[in-house]
Amino acid sequence: MTNEKVDEFKKYEDAKTELGSFLEWLSDISVEVENSIREVGLELLTVHQLEAHGELRKSLNSTNPIESLIFGIRHKLSRVKN
């Protein structure tokens, strides 16, 4: 199941059902990965719970805005002298 596959599900309950099916399938392939995903749990479906759409959903599904912000802050801090 790819991130795009999960994004196809607009409703939280549909995404939750698909996540359960994915974990069942994954248990035969890699117990370590399955356990890792189970540890995160339903937090993976936060965007579905928020019913975010469009650009907001795209932004929340990506870590790029966060990484960009952190890079910008580090860059600015590197130029500050103590």
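Computed from the coordinates by the stated procedures, all read-outs in this text should not be read as laboratory data. Just so you know, these numbers come straight off a predicted model, no measurement behind them. Note that each Cβ is placed from the backbone with ideal geometry, even for glycine, and that neighbours are counted across all protein chains shown.
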FRET efficiency estimate (nearest 0.05) - Cβ-Cβ, Ser78 to Gln49, R0 30 angstrom: 0.20
Simple spin-label estimate for Glu13 and Ser59 in nanometres, 7 Å along Cα-Cβ: 3.0 nm
Under the Karplus curve 6.51 cos²θ - 1.76 cosθ + 1.60, θ = phi - 60°, whole-Hz ³J(HN,Hα) for the range 52-59, x wherever Gly or Pro sits: 6, 9, x, 4, 4, 4, 4, 5
Residue-by-residue Karplus 3J(HN,Hα) for the range 26-38, coefficients 6.51, -1.76, 1.60, Hz, glycine and proline x: 5, 4, 7, 9, 8, 5, 4, 5, 4, 4, 5, 5, 4
